[in-house]
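Nothing in this text is a laboratory measurement; each read-out follows from the coordinates by a stated rule. The model shown is predicted, which means the values in this text are computed figures rather than measured ones. With ideal geometry, Cβ positions are generated from the backbone for all residues, glycine too; neighbour counts draw on all protein chains shown.
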Amino acid sequence: MAVPEVKEKYAGRIQEVTLGAGSRGKTVAIGGESTLPFLHFEGTVANRPAIAIEVSDREPDDWSPLLKEAWGDVMGDPAKWAAKAEELGADVIALSLDSAHPERGNTGADDARKTVRKVLEATTLPLIVYGPGQKDKDNEVLVAAAEEAKGERIAIGNAEEKNYRTIVAAALANDQVVIAKSPMDVNLAKQLNVLIGDMGIPKDRIIMDPTTGALGYGVEYSYSVMERVRLAALGGDATLQQPMVLTVGYEAWRTKEARTNDEVPQEWGDWAQRAILWEANTAITLVNTGANLLVLRHPQSVALVRKAIDRLMAGA
Amino acid sequence: MSKYIAKAAIRGATAIVNEADQLLEAAIADLGADKEVAFTNTAYYLPTILGFTGKEVSNLGQLRDVVAHCKTLLNEPPGDELWLPYLGETLDSGAATLLAAETIEAVRFVRGQQPEKIDGLQLVGTSAPGGPGYANGPIDDIQLRAWGIQLVDGRMPGFAAIVGCARSNEAAVTLIRELQKRNILVFLSGNVNGRSIIDQLQEEGVEMGYDTYIVPFGRDTISAIYALGFATRSALTFGGMSGGQIRDILLYNKFRVFAFVLALGEVDDLKYAAAAGAINYGFPVIADTVIPQILPTGVTAYEHVVSMPFDDIEGDTDTDKARRMVQRAIEVRGVKIKITDVPIPVPYGSAFEGERIRRADMRVEFGGSKSTAFEYLRMVDSDSIEDGRITVVGPDFSEIKDGGAMNMGMVIEVAGRKMQEDFEPVLERQMHYFVNGASGIQHVGQRDITWIRFSKAAVDKGFGLKNLGDIAHARLHAEFGAIVDKVQVTIYTDPEKFEEWLAKAREAYLNRNVRLAGLIDSNVEEFYSCTLCQSFAPTHVCVISPERLGLCGAYNWLDCKASYQINPTGPNQPIYKGTCIDADKGVWEGSNAFVYANSQQAVDNVSLYSIMDSPMTACGCFECLVMLIPEANGVMVVSREDPSMTPAGMTFSTLAGVAGGGLQSPGIMGVGKYYLTSKKFIAAEGGFKRVVWMSSNLKAIMADELKQVAEREGDPDLIDKIADERSATTVEELLPFLEEKGHPALVMESII
């Protein structure tokens, strides 16, 4: 009996987006696949999912002690932190300008410029620069970051439905990539891509962040949303063909399981191991539904995820 | 296109190209062809020339090519006898004018004559190298980026290039202040008989410079070229275009840079030629003198050239007139103004929406049982109203004793290029939410059953009748800016005027009812989708037609139509019906195709009027659930507020699990409660007469509407023949009830 032919032929293809240019020692391309994740027999998986390590411009006071232990002193200096992240195997540095938040330092455009400059000098990797997540401050520091890094093709984010124009304008004016973040909804993701595209930014400069929850905190829901995004994109919906980035570290490290070891049942086992696996497991789950770029926090989960991706890409 | 303008523009262009030619040749003779030319701190060479021709001009010699190119763009003026289209020629001469003007300014830069020396001019913020006593000249790249981002993200709605000299200093100051108030960037240039608006503002002590968003380019018309250089660079910087892609650059400006030209004072040939240049960019020209108009739209979004003779503008003072002129300019360009704050003396926000004002805390009420209040929103001609004008006609409530009542009518007049009469009720209904947002104010009802209470606390803080108008004005602009350009509010308490307008409002309500009744599926070309709920029901698509509203009850066809205008990329998209496949069941090619494409290919056929054959899917938000009761040869309708047992042996919440989730299950569907009254309600199965059981709360709240349906169906007692949870909670109880009442479903043809 003949084995039935199961290969799908998709009409669409994921857009390839390249991060890094100018003084970057290396560039990172993501996306470009013509099939679902790692179905090498069916289509091309043009680029392996990339890993970004998150670096904050301010010593985080709400991060797990496990992360502080892992990174040590460099956490007080984003440039040193970025250099160490490069050493530990990051493909991309995700610099968070958290100190600009009104309640966490309220630093401004000039500080942002200085930080971005310092980090660009400390690493050869491409950059993502995130604002503090507060509308006015995002607009202030991301514009400054985009200008400072002109020619380096960094990604700036997040552009959201309520606040995308200034960020996209800054990306347009300085030839940067923009991250379009929408709250776990196919249609909202689509709408934001359309709105951002309407401003005239080329498709090879948009990455989408469909938002995720961590393992046990809604990862299955985001898995399903991302799966639908990807099926629609491969099915030919041009408004959903942007590669996807996910802030896995942020989500995983705020779960109770990763954050604390106080008053938890003994059978939960070793805290450090549990926390690292929590992050790695979330990341590997999402890679299997189409994540192209993962923003992680712990060096050991970076290593685990990298190993998993190596194996998933083995058939390429 | 006016032939007069065409002729003048071509004459003006020819003159300036010749002038550029002479000045350039003289400069080359004096300084040599290799002499460097550059504007202030820009990476875009001579930007207009770069945009139009792609030439990166950096020395005088290269400008010869530009002048030669200009000459190819010049045409003979249209003859008096021969009638040919001349829009193209006029636009070409406009382009030639711009290139020649930039050439002249470049030569002047080389000779140190630009930026222009203006004695006593002190700019607050400038990139001009001359220091005090100089005009700004061209805007440098740093400022371009800073402002460009604001233009692109919408914080700055656009720019106004003012050329000439205002009627009076008073008019000049008002023009500028009105533009500043709206965050519109102001560029100044030109003169009339040697006197420029720059002089006028200087005399009046108006601060100019980057910091005040007022940039004086220079006192001659030619310096207006810097405005177009700015526009060109905006497209190059933010539109990702490169030099020479002139078509894209011009379109970018037309659609994204909301700029216009105000021509003040006499318009000479050169000004016509420069205006023709601006029209290339889609920037309309508004003149304060009598000139021929070019009203049809085409190159610009709306009118091209509008004449608004200053003397003829309504208003007692130059200030009034200038204010109206700015208003008109904004309309002609279609600039949208953002209003973020509601200017009232009490806190405002959706957090106050649910607030109730008890009688003891009440200062005054309008409507309710002791007085009448109404709200009437109507669309009017743009010229007949003034945006932001709020008038109270009649006494306020100071004479009314505490806790008393008063008649009041609020007439809201709106105008907008995209406004349609059909949107009147959609917008009017929003007043409920708008007014309720004010702390200490309560709003109930709509139309002529409006009931508004002001609390003592709100009145103590200074809240008055006029503030209702402020709320309407601010919120309509904020929420419906896409369709509304102007809002004027008049509040009537004067008894005579109140009655007069109440009568007008009632007539309008009546007309709307008639219109709604006439709004039927077969009379429209398009239905609307709603995919708002796909986040949890990914394969569900609501198809909303005039005769079948959304199943949640929140969106009818008109709401969706307005929603689409406001948010063209949102969840309500037009569905063009296309060929009708089955008129009885309500199946069209267009709706099927749309649902297929938007349900992840899960649903390929939807009947709008049938419950048995491919019924519409549901998300889970439905107001009522309709389900087949085969034993009774009919259907039951369960309200989501009804917790009781139904003849199907399940309660609403159990049934909802079967009906929702985007699944197509023949025999069960979720609907909005007003669909029950539609002629198309399960029309394929025989319509409303199929209803054998209905939750009693629906019967109560829709008593009037259902009575009308019963009459329409030719069975006035029909509602009494329908069982509810009080008469039957099982099929065994239901059937004898129906037999006894003689329900028509029992003798209809089999539903299965």
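What's the FRET efficiency of A:GLU103 with A:ALA314 using the Cβ-Cβ distance as r and R₀ = 41 Å, to the nearest 0.05? So the FRET efficiency works out to roughly 0.35. In a simple Cβ point-charge model (Lys, Arg +1; Asp, Glu -1; nothing else charged), the stretch B:609-709 has a dipole of about 200 debye relative to its Cα centre. Each of B:LEU264, B:LEU628 was scored by other Cβ atoms within 10 Å of its Cβ. Arranged with the fewest first, they read B:LEU628, B:LEU264. Working from label points 7 Å from Cα in the Cα-to-Cβ sense, the A:THR44 to A:GLN273 distance is 4.3 nm.
Considering only A:LEU120, A:GLY89, A:VAL264, and ranking their Cα positions along the charge dipole of the stretch A:19-310 that arises from unit charges at the beta-carbon of Lys, Arg, Asp and Glu, the one farthest toward the positive end is A:LEU120. Here A:LYS307 is the anchor, and the lysines within straight C-alpha reach of less than 22 Å, apart from those fewer than 8 places off in the same chain, are A:LYS26, A:LYS84.
Give the residue from B:LEU465, B:GLY440, B:TYR376 lying farthest towards the positive end of the charge dipole for the stretch B:369-513; charges sit on Cβ (+1 for Lys and Arg, -1 for Asp and Glu) and the dipole is referred to the Cα centre. About the Cα centre, the residue reaching furthest to the positive side is B:GLY440. Listed as lacking a disulfide-compatible partner in chain B: B:CYS70, B:CYS165, B:CYS560, B:CYS580, B:CYS624, by the criterion of no other cysteine Cβ under 4.7 Å.
Hey, what D do you get for the stretch B:350-501 in µm²/s if you plug the Kirkwood alpha-carbon radius into Stokes-Einstein at 25 °C and 0.890 mPa s? Calculated translational D: 159 µm²/s. At most 12 other Cβ atoms within 10 Å and a DSSP loop assignment: could you name the GluC sites (Glu not before Pro) in the stretch A:256-316 that fit? When the GluC sites (Glu not before Pro) of the stretch A:256-316 are filtered for loop state and at most 12 Cβ neighbours within 10 Å, A:GLU263 remain. Between B:SER696 and A:THR260, what is the FRET efficiency for a Förster distance of 60 Å, r being their Cβ-Cβ separation, to the nearest 0.05? The calculated FRET efficiency here is 0.70. Quick check: net charge around B:ARG256, other residues with Cβ under 15 Å of its Cβ, Lys/Arg +1 and Asp/Glu -1? Once positives and negatives cancel, what remains is +4.
Residue exposure proxy: B:VAL306, B:VAL66, ordered by other Cβ atoms within 10 angstrom of their Cβ from fewest to most, comes out as B:VAL306, B:VAL66. Taking other C-beta atoms within 10 Å as the exposure proxy, B:SER563, B:SER727 rank B:SER727, B:SER563 from fewest upward. The Cβ shell under 12 Å around B:LEU98 holds other residues with a net charge of -3, Lys and Arg each +1, Asp and Glu each -1. Globularity index of the protein assembly as shown is 1.08 (Cα radius of gyration / 2.2 N^0.38 Å, N = number of residues).
Distance between the C-alpha centres of the stretch B:94-114 and the stretch B:492-507: 61 Å, rounded to the whole angstrom. Close Lys pairs in the stretch B:543-696, defined as Cα atoms under 22 Å apart and 8 or more places apart or on different chains, number 14.
Taking the Cα centre of the stretch B:350-501 as reference, the dipole from Cβ charges on Lys and Arg (+1) and Asp and Glu (-1) amounts to some 660 debye. Across the stretch B:1-338, C-alpha contacts under 8 Å between residues 6 or more apart give a mean separation that, scaled by the residue count, equals a relative contact order of 20 percent.
Charge dipole (Cα centre; +1 on Lys/Arg Cβ, -1 on Asp/Glu Cβ; no other charges) of the stretch B:523-747 amounts to roughly 460 debye. Which is farthest toward the positive dipole end of the stretch B:30-80 among B:ASN59, B:ASN41, B:ASN75, measuring Cα position about the Cα centre, with Cβ charges +1 (Lys, Arg) and -1 (Asp, Glu)? Positive-end residue among those listed: B:ASN41. Quick one: if you stick a label point 7 Å off each Cα along the C-beta vector at B:SER371 and B:SER727, how many nm between them? Going by the 7 Å Cα→Cβ label model, 4.6 nm.
Counting Cβ atoms of other protein chains within 10 Å of each Cβ in A:234-240 and taking the mean gives 1. A crude spin-label estimate for the pair A:GLU161 and B:GLU36, with each label 7 Å from Cα along the Cβ direction, gives 5.2 nm.
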